[in-house]
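**Student:** First the structure, then my questions, so here it is.
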Amino acid sequence: MPASKKTEGGDSWYLSDISPADKPWDIHRAQCDEIAKIYDSIGYDRYAERIGECSQLLTYALKATDDGEVKLKLSEARFCRVRHCLICQWRRSLMWRARFFKALPEIQAKYPTGRWIFVTLTVKNCELSDLRATLNWMNAAWHKLIKRKEFPALGFVKSVEVTRGVGGTAHPHFHCLMLVPGGYFGSKKYISHAKWTSLWQSCLKTDYPPILDVRAVKSKTTISDDASNVSNQAMAEAVCETLKYAVKPSDLLADPDWLGELTKQLQKTRAISIGGCLKEFFSEDDPEDLINGEIQEEEKTEDDTFLLFDWSAIVRRYKKAKSKKFE
């Protein structure tokens, strides 16, 4: 943003006024206040305390851009890392996306003709108390699927999402972003929607055809069989859908008992996994750094000026505290 009195924090006291792009902080921190209250009400005192303290203070550096403008860049924050903290869930998704896009040029260089497909695999809703067992069953079926000779992917990123169904049931499903060989769509290895359904049903061993979705990640303006021609927007949409929240904020806040049981069911389960050739390019471990999502991180200098923002639960916004120099 342009250097101005407002950028220096002159007229406004609120983060989202000084930097509108940081409005999500207000939204997610307010949600954290609500989920902390819910955890407290159902006896998860430690989770309530940790979430309540998460990201109470944000430190931003004022950075000059090449065109002479000044922008705010998050420099410091303390995160609770509770799985269902709405801030930590949001920041993890941003870091996963940054990790993927940082690796993407190297992936495209090694597999220049590769194509991407996006696959969503589902099963029927289950009772929330059966969620862990259902996910174990689905993961076992997934491991069978990727060993099938028909499985076309060179590599994949798989994530788990759970949505709240009618009557408080759980709807677990997998989002999978797969890299397939060049020429896949015109070859004998191409798998139709019907064939994907049959394969997934066979691996699950269900008596019903499961619902799934399969689509190519492609530009709306090109039909080239070349990964480098996939539009940035198309790729971003697929990555964002794959590497998003594990549970919708609205579902987490809907019912205290549902949240409590979900917390037990998902404890120590893996949300994201990497396989095939993509394991060469990035780790499937959860991001340690929940601050720096940029492709190239910037170093602190002695000339950096910082703005601090405290969370105000009363107005449900981050409010400017004071400036400081880097020490």
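The values are calculated or read from the model by the stated rules, or taken from the named source; none is laboratory data. What you are looking at is a predicted structure, and each value in this text was computed from that prediction instead of being measured. For neighbour counting, all protein chains shown are included, and Cβ atoms are generated from backbone atoms with ideal geometry for every residue, glycine included. Remember, those area values only see protein heavy atoms, side chains included, never the ligands or the DNA or RNA. Shrake-Rupley method; radii C 1.70, N 1.55, O 1.52, S 1.80 Å.
**Student:** For the pairs Lys23/Lys71; Lys158/Lys205; Lys147/Lys264; Lys124/Lys268; Lys102/Lys279; Lys37/Lys319, note any where the Cα-Cα span goes beyond 19 Å.
**Tutor:** Lys158/Lys205; Lys147/Lys264; Lys124/Lys268; Lys37/Lys319
**Student:** Moving to a separate point now. Using +1 on the beta carbon of Lys and Arg, -1 on that of Asp and Glu, and nothing else charged, what's the dipole of the chain about the Cα centre, debye to 20?
**Tutor:** Computed charge dipole of the chain: roughly 1140 debye.
**Student:** Shifting gears a bit: Give me the dipole magnitude in Debye, nearest 20, for the range 1-148 about the Cα centre, with unit charges on the beta carbon: positive for Lys and Arg, negative for Asp and Glu.
**Tutor:** Approximately 1060 debye in magnitude.
**Student:** Something else now. How much net charge surrounds Asp40 when only the other residues with a Cβ under 12 Å from the Cβ of Asp40 are counted, with Lys and Arg +1 and Asp and Glu -1?
**Tutor:** Neighbourhood net charge equals -1.
**Student:** Continuing with the same structure: Counting only protein heavy atoms, what percent of the accessible surface of the range 26-91 is carbon or sulfur at a 1.4 Å probe?
**Tutor:** 45 percent
**Student:** With both bridge residues required to lie in the chain, what share of the DSSP beta bridges run antiparallel, to the nearest 5%?
**Tutor:** Beta bridges within the chain, antiparallel portion: roughly 100 percent.
**Student:** Write down Rg/Rh for the range 24-141, rounded to two decimals, with Rg from the C-alpha atoms and Rh from the Kirkwood relation over Cα pairs.
**Tutor:** Here the Rg-to-Rh quotient is 1.09.
**Student:** Right, something else. Once the dipole of the range 37-173 is set up with Lys and Arg at +1 and Asp and Glu at -1 on Cβ about the Cα centre, which of Leu74, Gly114, Val160 lies farthest towards its positive end?
**Tutor:** Gly114
**Student:** Oh, and also: Lone cysteines in the chain, going by a 4.7 Å Cβ-Cβ cut-off?
**Tutor:** By the Cβ distance rule, which asks for a partner under 4.7 Å, the isolated cysteines are Cys32, Cys126, Cys176, Cys203, Cys240, Cys277.
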